[in-house]
Every structure is written in C-alpha cells, then in structure tokens.
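> Have a look at this one before I ask anything.
The values are calculated or read from the model by the stated rules, or taken from the named source; none is laboratory data. Given the structure is predicted, the values throughout are model-derived calculations rather than measurements. As a convention, Cβ positions derive from the backbone with ideal geometry for all residues, glycine included, and neighbour counts pool all protein chains shown.
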Amino acid sequence: MAFALVSLTIGLVAHQRLGAGKPYFHLFFTDTIHMKVWLVTAAIVLALSQLLTASRIYGLLHFPPPGRLYNIVHRWSGRTAIALTLPVAYHCIFLLGFSTYSTRVYIHSLLGSAIYGAFIGKVVIVRSSGFPGWALPLAGGTLFSILLGLWLSSALWFLSNRGMGL
C-alpha cells in the first residue's frame, strides 16, 4: 500500500510540471545533466554492492571475513545510494516532470515514479516482522531493478550518446 501511495503521489506531482525551468543547483558539475548522470551512476555501483552483500548475508556467496561486516556495509551502501538519488529525483520531479515524448523517456518517468515507493516498501518490510522470508529479497530485487532501469534509460543512454564529462 505504501509503495502504491508514494509512487502515485510522485507520478502526480511530476505530471503537473509543465516543463524545464532554471536548474536549482548542479554542485561542482558543469551542468545539471552531468550531475544527475554521475550521481545515479554512483548509486548503481552502490546498488551492485547491495547485491553482493545481500548474497553474502543470505549465504548465497561465501567469502571472508565472517561476521556482521556485510550487514553494516549493506545498510550504509543502501542509505548512501538512496541519498545520491535525491538531488536527481528533485530535478526530475520538480524541473522536468513526467514526460511521454519518447518510449525511453516514458519508461524512465514510470520507473522514476515507482522508485521511492519501492524504497518505502522495502523499509516497511525491513522494519516489520509479519512478512514471509521471501518478501525482503523480493523488495530489494524490485528496488534494484527499478534503479537499474532508471540508470539504463538515463545515465547509460547519456554516456553512450554524449560521452563522458563532469
């Protein structure tokens, strides 16, 4: 339920945006698009570390050292990955809005509307005890898949068509 409400709200807010305006900030990057590309690329690298640490936590992969290190790395890489997406989402929602002018952009808008709903859903599952054991890996996999789809439909597309730069 939380997933649906958050996703719907983000989609509706983004849909109300009428078009591009002046960028709010772009940190030390040359422009906003480069900021978004590199922040979401860093987030996907952290999300890949999430896959590795989750696989180690669930015993699917076995590599040293034993202990809680992987739980801590998993938790903090996830927090950092989500934090890196916030400036990107802010620009996408409040500056660009929900767009449908191409299939790539439409899919990107749909995934962008869903990502924080998936994140809230995963947090609810992590913090609750009433879910079956398969719910958390499913929620984590869904969140990863959405982030990967966003990266493929934005950062990878940009880097492939415009090249690298800061």
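> So Ile93 ticks every box in (1) surrounded by 14 or more Cβ atoms within 10 Å (Cβ to Cβ); (2) in contact with a Ser or Thr (Cβ under 7 Å, 6 or more places away or on another chain) but one. Which box is left unticked?
(2)
> Regarding the stretch 140-152, can at least one residue be identified that is among the aromatic types (Phe, Trp, Tyr), without any contact (Cβ under 8 Å) to a residue 40 or more places away in the chain and out of contact with any Asp or Glu (no Cβ under 6 Å at 6 or more places or on another chain)?
The first filter runs over the stretch 140-152 and keeps only residues among the aromatic types (Phe, Trp, Tyr), leaving 144, 151.
Then keep just the ones that are without any contact (Cβ under 8 Å) to a residue 40 or more places away in the chain; that gives none.
No.
> Sticking with this structure for a sec: Quick check: is even one residue across the stretch 52-75 closer than 17 Å to Leu143 by Cβ, of a type in the set (Ser, Thr, Tyr), assigned to a loop (DSSP other than H, G, I, E, B) and over 14 Å from the mean Cα position of the chain (by Cα)?
Within the stretch 52-75, one or more residues are closer than 17 Å to Leu143 by Cβ, of a type in the set (Ser, Thr, Tyr), assigned to a loop (DSSP other than H, G, I, E, B) and over 14 Å from the mean Cα position of the chain (by Cα).
Quick grid of which residues meet (1) assigned to a helix (DSSP H, G or I); (2) β-branched (Val, Ile, Thr); (3) modelled with pLDDT of 90 or more; (4) under 30 Å from Arg56 (Cβ atoms):
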| residue | (1), (2), (3), (4) |
| --- | --- |
| Leu84 | yes, no, yes, yes |
| Ser113 | yes, no, no, no |
| Ala118 | yes, no, yes, yes |
| Val126 | yes, yes, yes, yes |
| Leu138 | yes, no, yes, yes |
| Ser145 | yes, no, yes, yes |
| Leu148 | yes, no, yes, yes |
| Asn161 | yes, no, no, no |
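> Still on this structure: Return only the number of the condition from (1) without any contact (Cβ under 8 Å) to a residue 40 or more places away in the chain; (2) touching a His at 6+ places or on another chain (Cβ under 6 Å) that Asn71 does not satisfy.
Just one mismatch for Asn71, condition (2).
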